[in-house]
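First the structure, in the form of structure tokens, and then the observations on it.
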Amino acid sequence: MIKPYLFFLLVTLSVSTYSLQAENESTTLYAVGTVYPQYKSALSSQVAGRVTEVYVEVGDRVKKGSPLVKLDPIFFEINVAQKGAALAHAQLDLKDSKLQLERMKKLWEKPEGETPSIPQKRFDDAKMAYDQAVISIKQAMVNLKKAKTERDEALIKAPFDGVITERYVDPGVAIAAGPQTKVLEIQSQDLLYVEFPIAQIELGHIQEGDQVLIEAEGVGKSLEKIDRIYPQVDIESRTIKCRAYIHNPSLKLKPGALVQVQVLAAAVKGEAL
């Protein structure tokens, strides 16, 4: 016959063991996800011009800052030369107006009791001419900086490390400035992300940081973590979208691919809403 205190001890140990198992319990959820690039950009030109060189083809891997497309630079170089000459002329005007102002100042400013050698209007005119020359210098510098920027923009460069996925122009084509004229499309593929849906009824099982096993046919498996659980349930499917980043240094996994996702989720815990 089990004594009362031994019975109490056995019951306590049984409850504790059950609680520990319940806390460590986990469940695996399955989903199908879609792969997306971390960055995707349709490149256009900031300036209008005629394409003279296209340095890349679809599928080429490029580094940030790599030259991609070149426009004919001749008109941009002419504009830089013109703006440079305008700045040099403005600098001469400033030098001349400064000397003139200094002369007028000596003639106007006399010791107390002495009459100025010139009327105040001549001094005021010299001061105004100098101030205008200073403004002209600043404007000429801005114009030259703009001209140099436009010249530099005639060489379109990669905004980030990535892969060329579309090409829209060839040498000889005249293109307009602005986003309406695309020249190339580039995607970053070293780091991708997978979006996958989880049923609304499983929301209590998952949380950000849970591990996910991502498997792509012909590529292999990768163990990652849930980076983001989106804040809204889809009205039609009653699912919530989740995101996990996946490293892809070999570039074998491609954006747009379907992948199998297994979420190793924690056990459901009762929480008040």
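The values are calculated or read from the model by the stated rules, or taken from the named source; none is laboratory data. Bear in mind the structure is a predicted one, so any value in this text is a computation, not a measurement. Cβ: placed from backbone, ideal geometry, glycine included. Neighbour counts: every protein chain shown. To get the accessible areas, we keep the full protein, side chains included, count just its heavy atoms, and leave off ligands, DNA and RNA. Shrake-Rupley method; radii C 1.70, N 1.55, O 1.52, S 1.80 Å.
Numbers below:
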{"quantity": "Taking region 185-255 and dividing mean pair separation by its residue count, relative contact order in percent (alpha carbons under 8 Å, at least six apart)", "calculated": "43"}
{"quantity": "Under 12 Å, Cβ to Cβ, from Asp72 - net charge with Lys/Arg +1 and Asp/Glu -1", "calculated": "+1"}
{"quantity": "Alpha carbon centroid spacing (whole Å) that separates region 106-133 from region 177-240", "calculated": "74"}
{"quantity": "Per residue, in Å², the accessible surface of the chain once ligands and nucleic acids are set aside, probe 1.4 Å", "calculated": "66"}
{"quantity": "Karplus-derived 3J(HN,Hα), 6.51/-1.76/1.60, for each residue of region 200-217, Hz, glycine and proline x", "calculated": "4, 5, 9, 4, x, 8, 10, 7, 4, x, 4, 6, 10, 9, 9, 10, 10, 4"}
{"quantity": "FRET efficiency, 1/(1 + (r/R0)^6) with R0 35 Å, evaluated for Val58 and Gln211 via beta carbons", "calculated": "0.50"}
{"quantity": "Sequence ranges 80-89, 41-50, ranked by mean other-Cβ count within 10 angstrom, highest first", "calculated": "41-50, 80-89"}
{"quantity": "Kirkwood hydrodynamic radius (C-alpha pairs) into Stokes-Einstein, region 152-210, 37 °C and 0.692 mPa s, D in µm²/s", "calculated": "209"}
{"quantity": "Fraction of accessible area attributable to carbon and sulfur, the chain (%, probe 1.4 Å)", "calculated": "55"}
{"quantity": "Above-threshold pairs, the threshold being 31 Å between Cα atoms, out of Lys63/Lys148; Lys121/Lys146; Lys157/Lys221", "calculated": "Lys121/Lys146; Lys157/Lys221"}
{"quantity": "Extension gain (nm, one decimal) between Ser117 and Asp227, 0.36 nm per residue minus Cα-Cα", "calculated": "31.6 nm"}
{"quantity": "Degrees separating the helix 74-108 axis from the principal Cα axis of the chain, which is the longest one", "calculated": "50"}
{"quantity": "Cα convex hull of the chain, projected area averaged across orientations, nm²", "calculated": "33.5"}
{"quantity": "Aspartates and glutamates with Cα under 18 Å of Lys145, excluding same-chain neighbours fewer than 8 positions away", "calculated": "Glu77, Glu153"}
{"quantity": "Relative contact order of the chain, defined on C-alpha pairs under 8 angstrom at six or more residues apart (%)", "calculated": "31"}
{"quantity": "Length-normalised contact order of region 109-235 in % [C-alpha pairs under 8 Å, at least 6 apart]", "calculated": "14"}
{"quantity": "Sorted peptide list for 180-191, 249-260, criterion being average Cβ within 10 angstrom, highest first", "calculated": "180-191, 249-260"}
{"quantity": "Cα-based helix-to-principal-axis angle, 4-24 vs the chain, degrees rounded to 10", "calculated": "40"}
{"quantity": "Overall dimensions of region 118-273 as given by Cα atoms, namely Rg and Dmax in Å", "calculated": "29.0, 95"}
